[in-house]
1. Relative to the longest principal axis of the chain, what angle (0 to 90°, nearest 10) does the C-alpha long axis of helix 288-297 take?
2. Using the beta-carbon distance between Tyr131 and Thr217 and R0 = 30 Å, what value does 1/(1 + (r/R0)^6) give for FRET efficiency, to the nearest 0.05?
3. Per q in 0.08 1/Å, what log10 I(q)/I(0) does a Debye calculation on the alpha-carbon atoms of the chain return?
4. Test of understanding: what is the full-extension gain from Lys80 to Met1, defined as 0.36 nm times their sequence separation minus their Cα-Cα distance?
5. Amide H to amide H, which residues 5 or more places from Tyr161 or on other chains are under 5 Å from it, using H placed in the peptide plane?
6. Kirkwood Rh and Cα-based Rg: tell me the resulting Rg over Rh for region 30-147, rounded to two decimals.
7. Can you work out ³J(HN,Hα) from phi for every residue in region 237-243, in order, using Karplus 6.51 cos²θ - 1.76 cosθ + 1.60 and θ = phi - 60°, giving whole Hz and x for Gly and Pro?
8. What distance in nm separates the two pseudo spin-label positions at Glu150 and Thr28, each 7 Å out from Cα along the beta-carbon direction?
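Values quoted throughout were computed directly from the atomic coordinates according to the rules given, and no laboratory measurement underlies them. Just so you know, these numbers come straight off a predicted model, no measurement behind them. For neighbour counting, all protein chains shown are included, and Cβ atoms are generated from backbone atoms with ideal geometry for every residue, glycine included.
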Amino acid sequence: MQIKWLEDFAALAKSPSLIQAAEMRNVTHPAFGRRIRALEDWAGVPLLERKSSGVSLNPAGRAFLVSALEILDILRETHKTLQQPGYERMHKVRFASGRTLSHSVLPRLLSRLRDAIPPFQSQVTTTSLQYGIEMLTDGEADFLLCHAHESLPDKIDSRDYMHLGVGRDKLVAVSAPLSGTHPRYQVPRTPNDAAVPFLDFAPAMSLGRILRSRLYTICPGEKLNVVYESDLAEAIHAMAREGVGLAWLPLSLVRSDLEHGIMVRADSTASDIDMDIRLYRSRQNPKPVVRSIWASLQ
C-alpha cells in the first residue's frame, strides 16, 4: 500500500475518466492506470466499473473510498501534529537566567529583540549559575544570562561558546537608614570596628561568589555576623529594607530605594564591586532564530 494510491483513488472518485484524474494528479494516463490496478490488486477485488463511456466506482469501490478518505484525513492531521513540536522547538527560545536578572535585565532585552526580529516564543528558567551552565552545555537552554566576573567558572569561556556583554551592574553596600543618610549598619573597616549583622547570598549564587571574591579585601570577615542567607537577592533586599542587617546588593535592584531614602549606602563607592552582565550561547546551536537574536544584539 502506498499513500499516493489512496490519493489517486480519491481523485478518480471526483473525475469522470481516468484521463482527467491522471491530469489532476500530474501523472501520465498509463502510469495512473497502473497505480489504480495496483490498488485493486492490494484490495483483492475490482473497485471500478469500466465502460466505454468511462469509469465509475462499484459498490466495493464506494466502500473503499470512505475508508480511503478517512485514512488520508487521519494521516494529514497526524503529520501536522508531528510537525508541530518540531516547529515549536525551532521557534521556542529557552533562556536560563539568574533570578535577579530575569526581571531586571531580561524583559528589556526581550522587548528590544521583539522590535528587531520576527516573532518567537521565549521560555525562561530562573536558576543558579552552576545549573544554568549545565543547562547550556547539555543543550537544555539556548542562552544563559548571568553576571560575569573573574571569580566565576570558566567552563563556558571556551571556543565552543560565545558571549556578548548586554549590561553592567555593581554590588553596593546598603543598609536601612538610622537617620537621614546615616546607615543603621556601616561596613566595618578595621579590627576595632563593631561587628554588624550581615545578610549573605547562598554559596551557589553567582552574586555570592562575586561578593566573596572581594569581600575580605574590603572588611574583616570576622566583623560580619551572618544572620540571614538566601538564594534570592530580592529576599535579602526585603530583609535589608526592614533593618535586619548590612547587605551588598545589585545597584539595579536598590537604585530606587537609594534615590528615595528607603535605604542608604553603608560605605563609600570604594566598596562597590563591578560586574558585567553577559549572554552566552553555544556556537553549534542550529536554530535560525538563535542566530537572528545574536546578530541583532551584536
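1. For helix 288-297, the angle is close to 40 degrees.
2. Details: r = 29 Å, r/R0 = 0.95.
E between Tyr131 and Thr217, to the nearest 0.05, is 0.55.
3. Per q value, in the given order, log10 I(q)/I(0) is -0.55.
4. 26.3 nm
5. Amide H neighbours of Tyr161: Arg283.
6. Numbers: Rg = 27.5 Å, Rh = 19.3 Å.
For region 30-147, the value is 1.42.
7. Result, ordered by residue: 4, 4, 5, 5, 4, 7, x Hz.
8. Those two pseudo-labels are separated by 7.7 nm.
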